[in-house]
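Colleague: Take a look at this one; I'll ask things after.
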Amino acid sequence: MADAPTPAEVFAKRAGGRRPALGYALVVAAICLWSVNATAAKVVVDSGGLSPLRLAELRATGAGVILFAAVALLRPQSLRVSRRELGFFLLFGIAGLAFVHFLYFTAITHLDIGIALVIQYIAPVLVAVWARFFVHEPVRRRLWVALALALTGLSLVVEIWSGGALDGVGVAASLAAAFAYALYILMAEKSLQRGRDVYSLLAWGFVFAAGFWALAQPWWSFPAHIFGEHASLLGRMADIEAPIWLLLGYIVLFGTIVPFILMITALHYIPATRATVVAMIEPVLAGVVAYAWLAEEIGPWQLGGGLLVLAGIVLAQTARPARA
């Protein structure tokens with residue numbers, strides 16, 4: 001008698017019959033919005049004068065208010081939180097969402113966007129390493145090849161032989177963002193395994209992140225005058241100015257909420273492992289947007305290193321069992 005299919009195999013089979021092409025299209029759409037969001041954030045910080053700390057605060061607060069209100073209206077019962085979950089959301093919201101956005105914004109203000117994202121995207125490799133050594137999850141041997149590719153590619157991206165040609169603060173922020181992103185992935189995965197739905201998870205996560213920023217830098221000290229100002233779009237569009245409130249609106253709505261919803265919806269059509277692998281095109285696409293908009297260029301060594309990092313990420317994703 002044949003073995004019963006695993007839950008992952010059942011999901012994959014069902015997802016395969018639910019227009020997988022639509023799932024891939026949703027993932028690509030989310031990545032496109034995130035890629036433009038990177039450049040919009042850099043314009044707000046470099047040209048608009050808003051600090052990465054304040055931008056991270058505004059992004060978390062705006063997303064938290066809108067997501068929480070939407071979930072409270074449509075699925076209020078999912079917002080119930082037990083005492084055991086309070087500590088989880090405190091760590092998830094602060095060390096995960098709040099820090100990953102702040103570190104990311106800091107990184108892209110010191111580095112070219114494509115380079116910052118390539119460094120940050122070693123997070124899936126860190127997740128696979130954590131699964132192997134700390135959770136003792138069975139991991140395929142290709143993990144070691146993935147780790148070697150990622151580290152080699154990272155060395156090429158930062159041009160390690162030149163003794164620090166890239167901005168040290170930017171590289172450090174990108175590496176720290178990778179660890180924060182890995183923590184965010186691991187905690188989200190654990191929460192979903194325990195039955196928490198994605199929408200309430202994100203809503204509470206952003207609310208706790210917003211609460212942290214409200215304590216760290218109170219809203220009454222926020223430079224509200226910036227909403228009425230204009231900023232140069234920099235790069236190839238330096239002669240064009242846009243209202244800062246419009247750029248901030250894009251970052252909150254189309255750089256955070258909408259792509260999260262698109263990515264979540266895509267999981268109804270394709271497994272999460274495939275969606276994550278497709279999402280690895282973000283460093284490439286964000287680099288293309290930054291080149292077309294800001295005239296940022298990546299050297300041949302950095303381009304080759306980025307491709308090695310992406311190859312390592314794909315291998316790391318396939319090194320973990322399908323159930324994960």
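Colleague: Taking amide H positions as placed in the peptide plane 1.01 Å from N, state which residues far from residue 230 in sequence (5 or more) or on other chains have amide H under 5 Å from it.
Modeller: 244
Colleague: Pop a pseudo-label 7 angstrom from the Cα along the beta-carbon direction at both residue 245 and residue 220 and give the gap in nm to one decimal.
Modeller: Distance between label points: 2.3 nm.
Colleague: Then there's this: About its Cα centre, what dipole magnitude does segment 215-311 give when the only charges are +1 on Lys and Arg Cβ and -1 on Asp and Glu Cβ, stated in debye to the nearest 20?
Modeller: Details: 2 positive and 6 negative charges, 73 e Å.
Taking the Cα centre of segment 215-311 as origin, the dipole is about 360 debye.
Colleague: Sort 191, 155 by heavy-atom solvent-accessible area, probe 1.4 angstrom, most to least. Intermediate results must be reported in sequence, preceding the final value.
Modeller: Details: 191 10, 155 40 Å².
Reading off the accessible areas and sorting them downward yields 155, 191.
Colleague: At 7 Å along Cα-to-Cβ for each site, give me the label-to-label distance between residue 19 and residue 85 in nm.
Modeller: 3.1 nm
Colleague: Ignoring solvent entirely, what values of log10 I(q)/I(0) come out of the Debye formula for the chain at 0.09, 0.10, 0.12 Å⁻¹ when each Cα is a single scatterer?
Modeller: Debye output, listed in q order: -0.47, -0.59, -0.86.
Colleague: Now, a different point. Counting Lys and Arg as +1 and Asp and Glu as -1, each charge on the Cβ, what is the dipole of segment 88-247 about the Cα centre in debye, to the nearest 20?
Modeller: On the way: 8 positive and 9 negative charges, 173 e Å.
Rounded to the nearest 20 debye, it is 820 debye.
Colleague: For residue 296, list long-range residues whose amide hydrogen, built 1.01 Å from N in the peptide plane, is under 5 Å from its own amide hydrogen.
Modeller: Counting only residues 5 or more places away or on other chains, the set is 291.
Colleague: Helix-only mean residue ellipticity at 222 nm, the chain, DSSP H runs n ≥ 4 weighted -39,500 (n - 2.57), per residue, nearest 500. What is it? Could you put the intermediate results ahead of the total?
Modeller: Values: 15 runs with 216 residues, N = 324.
Rounded to the nearest 500, it is -21500 deg cm²/dmol.
Colleague: Further question: What helices does the chain hold that run 24 Å or longer along their axis, going by alpha-carbon atoms, with a Kyte-Doolittle average of -0.5 or more, using DSSP H for the helix calls? Write down the numbers at each step before the final one.
Modeller: Working: long enough: 20-46 (40 Å, 1.47); 52-74 (33 Å, 1.47); 168-193 (38 Å, 1.20); 198-216 (27 Å, 1.71); 300-319 (28 Å, 1.27).
Qualifying helices, which must be both long enough and hydrophobic enough, are 20-46, 52-74, 168-193, 198-216, 300-319.
Colleague: Sticking with this one: Loop only per DSSP, at most 15 neighbouring Cβ atoms within 10 Å: give me the GluC sites (Glu not before Pro) in segment 229-314, ordered by residue number.
Modeller: Values: sites: 229, 241, 296, 297; in loops: 229, 296, 297.
Here the GluC sites (Glu not before Pro) that fit, given the DSSP loop and packing criteria, are 229, 297.
Colleague: Let me ask something else about it. Quick check for me: using +1 on Lys/Arg Cβ and -1 on Asp/Glu Cβ, what's the dipole size of the chain about its Cα centre, in debye to the nearest 20?
Modeller: Numbers: 22 positive and 17 negative charges, 319 e Å.
The calculated dipole for the chain is roughly 1540 debye.
Colleague: Would you kindly find the accessible area of residue 310, with a 1.4 Å probe and non-protein molecules such as ligands, DNA and RNA excluded, rounding to the nearest 10 Å²?
Modeller: 30 Å²
Colleague: Which of rounded, prolate or oblate describes segment 48-104 when judged by the alpha-carbon gyration tensor and an a/c cut-off of 1.5?
Modeller: Oblate is the answer for segment 48-104, as a/c is 1.5 or above yet b/c matches or exceeds a/b.
Colleague: Using a 1.4 Å probe over the heavy atoms of the protein chains, calculate the carbon and sulfur portion of the accessible area of the chain as a whole percent. Don't skip to the answer; put the middle values down first.
Modeller: On the way: 10570 of 15500 Å².
Whole-percent figure for carbon plus sulfur exposure: 68.
Colleague: Now, a different point. Taking a ≥ b ≥ c as the square roots of the eigenvalues of the Cα gyration tensor of segment 47-155, is the shape rounded (a/c under 1.5), prolate (a/b larger than b/c) or oblate?
Modeller: On the way: a/c = 2.87, a/b = 1.25, b/c = 2.30.
Oblate is the answer for segment 47-155, as a/c is 1.5 or above yet b/c matches or exceeds a/b.
Colleague: By its C-alpha gyration tensor, with a ≥ b ≥ c as the square roots of the eigenvalues, how is segment 103-247 shaped: rounded for a/c under 1.5, else prolate for a/b larger than b/c, else oblate?
Modeller: Working: a/c = 2.57, a/b = 1.27, b/c = 2.03.
Since a/c reaches 1.5 but b/c is at least a/b, the shape of segment 103-247 is classed as oblate.
Colleague: Additional query: Counting only other residues whose beta carbon sits under 12 Å from that of residue 252, what net charge do I get with K and R as +1, D and E as -1?
Modeller: Numbers: positive: 59; negative: 57.
Local net charge: 0.
Colleague: Starting from the Cα-Cα distance between residue 189 and residue 318, subtract it from 0.36 nm times their residue separation and give me the gain in nm to one decimal.
Modeller: Working: separation 129, 0.36 × 129 = 46.44 nm, distance 1.62 nm.
Separation in residues times 0.36 nm, less the Cα-Cα distance, equals 44.8 nm.
The values are calculated or read from the model by the stated rules, or taken from the named source; none is laboratory data. All values reported here derive from a predicted model rather than from experimental measurement. All Cβ positions, even for glycine, are placed from backbone atoms using ideal geometry, and neighbour counts span all protein chains on display. Accessible surface areas use protein heavy atoms only, side chains included; no ligands, DNA or RNA. Shrake-Rupley method; radii C 1.70, N 1.55, O 1.52, S 1.80 Å.
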